[in-house]
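Below is one structure; the comments refer to it alone.
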Amino acid sequence: MHTIRLIIAMPSRLLATALADYIEERSIAVRVTGIACESKEIFTHLERMPSRVLLLDPYLPGLAPQIVCSRLKTEFPNLKIILMKNTNSNGRFNEAEKCRPAAIIGCDATPNELLELIQQTGAFFSHSRCKKPTPEDLQAPAAPAETETQAEKPEEPEEPLTPREKDIVNLIVRGHTAREIGFVLDISYNTARTHIRNLLTKLKLSSKVQLIAWHSSL
C-alpha cells in the first residue's frame, strides 16, 4: 500500500490540527506531512517533504489563490489539489478554480467525506524519497496575527518541560504530526505518540488542539 502524503492548508490551525488528528487515527494510508495557515507555508512543507495531495482553502492568507495554484502546478506538477468551496464563494475561489484542481469539496463536508476524497485523489501514487527537515523546524513559529478564541491560560506544569518536550511542543505548534515528529527526532512513530501523550498529561491537557491554544497563551 502506497502512503498518500497530505498537506492541509486552511486559515485556522486549530481546525486543521483537529482534522489531521482525525485522519491519522482513521487511515493508515494517509500521512499528514504538514499544516499550512498561510500560503508560503505550503511551499515550505513541499520543499522539505514532497506530498501527493493538498487540501486547500482559497481563503488562506498570503498570495492570491490563482498565483498559489499556478506556482504549485509549475513547481510540483504531481501534486493533486483538492479545493474547498464555501457556500458564499467569491472571487478567491473562482481564481483558484481556474487552475483546474483535481477535486472540489464543500467546506460543510464531514471529516469522513474529506478523508474518502483524499484517499481517492491520492490513490496509486508512488511517493518520492523525503528530505529530512532542518533544525530550523524545531524553532517555535512567530505568534499569528489572528488568534482563536482561547480558554483561560492553564497553570504552569509542576515540573519544567525538558528540551525534548519543548522540541515536541514547537513541532506540534508548527503543524507536524506524530509521524513527522518521529521522523524529525529520529524516533519511532509509537515513541513519538508516547512522548506526546506524556507531554499532554504533564500539561494537564487532553489534545494537541488544546496544546496549541496553551502555547498561544504563553
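Only the coordinates and a few stated rules stand behind these numbers; no lab work does. Not measured: the values here are computed from a predicted model. Glycine also receives a Cβ, built like all others from the backbone with ideal geometry; neighbour counts cover every protein chain displayed.
Results, tabulated for the structure shown:
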read-out	value
Sequence of T110, T33, T3 once ranked by neighbouring C-beta atoms within 10 Å, starting from the fewest	T110, T3, T33
Residue-span extension gain [R197 to A18] - 0.36 nm each, minus C-alpha spacing	62.9 nm
Three semi-axes of the equivalent ellipsoid, the stretch 19-64, Cα gyration tensor, whole Å, largest first	21, 13, 8
Spin-label pair E47/N170, simplified geometry with 7 Å Cα→Cβ offset, distance in nm	1.9
Quarter of the Cα convex hull surface for the stretch 4-121, i.e. its orientation-mean projected area (nm²)	6.3
Of K40/K98; K40/K208; K40/K202; K80/K202, those spanning more than 31 Å from alpha-carbon to alpha-carbon	K40/K202; K80/K202
Contour minus Cα-Cα distance for A29 and A123 (0.36 nm per residue)	32.9 nm
